[in-house]
1. Check off (1) over 25 Å from the mean Cα position of the chain (by Cα); (2) assigned to a loop (DSSP other than H, G, I, E, B) for Tyr264 and give me the number that stays unchecked.
2. So in the stretch 184-203, with the set limited to residues that are in contact with a Gly (Cβ under 8 Å, 6 or more places away or on another chain) and either assigned to a loop (DSSP other than H, G, I, E, B) or not assigned by TED's automatic domain parsing to the domain that holds Cys92 (or both), which one is nearest to Asn131 (Cα to Cα)?
3. Could you count how many residues in the stretch 204-261 are part of a helix (DSSP H, G or I), within 17 Å of Lys84 (Cβ to Cβ) and either at pLDDT below 85 or of a type in the set (Val, Ile, Thr) (or both)?
4. If Ile149 meets every condition in (1) at pLDDT 80 or above; (2) closer than 23 Å to Ser85 by Cα apart from one, which number is that one?
5. Do any residues in the stretch 1-28 that are within 15 Å of Leu59 (Cβ to Cβ) and outside any strand (DSSP E or B) have Cβ atoms under 8 Å from those of residues that are at pLDDT below 85 and of a type outside the set (A, V, I, L, M, F, W, C), where the two are at least six apart or on different chains, and which pairs are they?
6. Of the numbered conditions (1) farther than 25 Å from Tyr366 by Cβ; (2) surrounded by fewer than 16 Cβ atoms within 10 Å (Cβ to Cβ), Gly330 fails exactly one; give the number of that condition.
7. Only one residue in Ile76, Ile128 is surrounded by 15 or more Cβ atoms within 10 Å (Cβ to Cβ), β-branched (Val, Ile, Thr) and within 22 Å of Glu191 (Cβ to Cβ), so which one is that?
Amino acid sequence: MSEEILKIERVSKKYKLGMIGGTTLRDELQRKRAARKGLEDPTKQIGDKSIGRTGEEFLALEDINITVNKGERVGIIGHNGAGKSTLLKLICRITAPTEGSIEMNGRIASMLEVGTGFHPELSGRENIYMNGAILGMTKAEIDKKIEDIIDFSECRQFIDTPVKRYSSGMYVKLAFSVAAHLDSEIMIMDEVLAVGDMAFQKKCIEKMSKVSKDEGRTVLYVSHNMNTIRQLCERVIVLSHGHIIYNGDVETGINIYLGRDRDYVNKIAVTDEMRELEAGKNPTIESIDLNNEEGISPYGDKLRFSLEIKNRSAESFPFLVRIIMKTLSGTIVTMSCNEDTILMAGGEIRTFDVEMDTSNVVPGQYTFTFVLYEVGEMNADRNLEVLRDIAGITVKASPEFNHGMSWNSSWWGSFTNGALKITEV
């Protein structure tokens, strides 16, 4: 049976908008006196036309319930302002919940921003000892780990230099190294790896995975980088406007965060707001029919579209069609274009059936970008119409897909080539 290390029950957090206690006592008394007489705030800055909203409540989190077991690696994702950082601050006890309770079984090592807890005047080495002491470690315990911390941070050359002279990248390397090596049962990371270089990010993810599996340490990780969420986490929590809208499988959570939960539309009437380029005297796509009422295509099927195209020029216009297929995270899976140039007379409107071979695309959710373009001088393409990520489809697994094997696109890609043919020599 899994051991609970973190339990959050019915937690809500309210803040009051406006400036509270942000001035001197004299200013506060003047403000209250003016309010009683119905006069304008005498401390308000010249040119400030905002309506006073001081005291109005803002609910950052509402009725949050989360249970995390020992050794779990949980990702927390959501749009800016969803409540992710507020939740982590509550867990770290930087602030207290307005309602509800948070129970923890162990010490926390947290990085809520680059260099959290570092004193700029102290050297890197001194900050290591200070952070360890804050976490309750003895000097002897830190002595045993300090060489590993310095080696992992890649900052040995500057370890006795005041950290105020460190770059943001050096800051995050040392701060992460301290958090990863000190004795704590829970590691909390809030978008800190966005500062480090790619090689160090990979090193950090491997370290967090290792301490989770080998030492049973729990990791809570907030990031807008879905690739690192996929690599590290085994469960994901999606927040939206202070509420949990999903708690479970990583890929499903990412799809919800990226907008896969929006309503599927089979027939799309294109408006000028959807166009990336201004509709001038070029051919434009007027409507798209995905020819799929459910929005689901079995693995192995080819996709078929119907495009209504209008030549807005008074003259005949030659062009080609390109369709780009992407994952919901924005990674391009494949691109197809037609070989023969289409020639439309001036003012003409025609409908074209388009077939795209996606028979080897693995199950998942995908979006499509439609492009009309012409080939100019020196074989350079010139886009005439771009409808970016305007349509989507779900490729569904079928019995013949990869022999029933559970497919992880982040490990094996978005295409499958079928079974290997192996013969004994």
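1. It is condition (1) that Tyr264 fails.
2. Ser184
3. So the count comes out to 7.
4. (2)
5. Close Cβ pairs (under 8 Å, with a partner that is at pLDDT below 85 and of a type outside the set (A, V, I, L, M, F, W, C)) amount to Leu17/Arg53; Leu17/Thr54; Leu17/Gly55; Leu17/Glu56; Leu17/Glu57.
6. For Gly330, the failing item is (1).
7. Ile76
Residue-by-condition table, conditions (1) in the same structural domain as Asn65 (by TED's automatic domain parsing); (2) closer than 25 Å to Asp183 by Cβ; (3) over 24 Å from the mean Cα position of the chain (by Cα):
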{"site": "Gly83", "(1), (2), (3)": "yes, no, no"}
{"site": "Gly100", "(1), (2), (3)": "yes, no, yes"}
{"site": "Glu121", "(1), (2), (3)": "yes, no, yes"}
{"site": "Asn127", "(1), (2), (3)": "yes, yes, yes"}
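The values are calculated or read from the model by the stated rules, or taken from the named source; none is laboratory data. Predicted model, so just to flag it, every value in this text is computed and none were measured. Don't worry about glycine lacking a Cβ; one is built from the backbone with ideal geometry, like all the others, and counts go over all protein chains shown.
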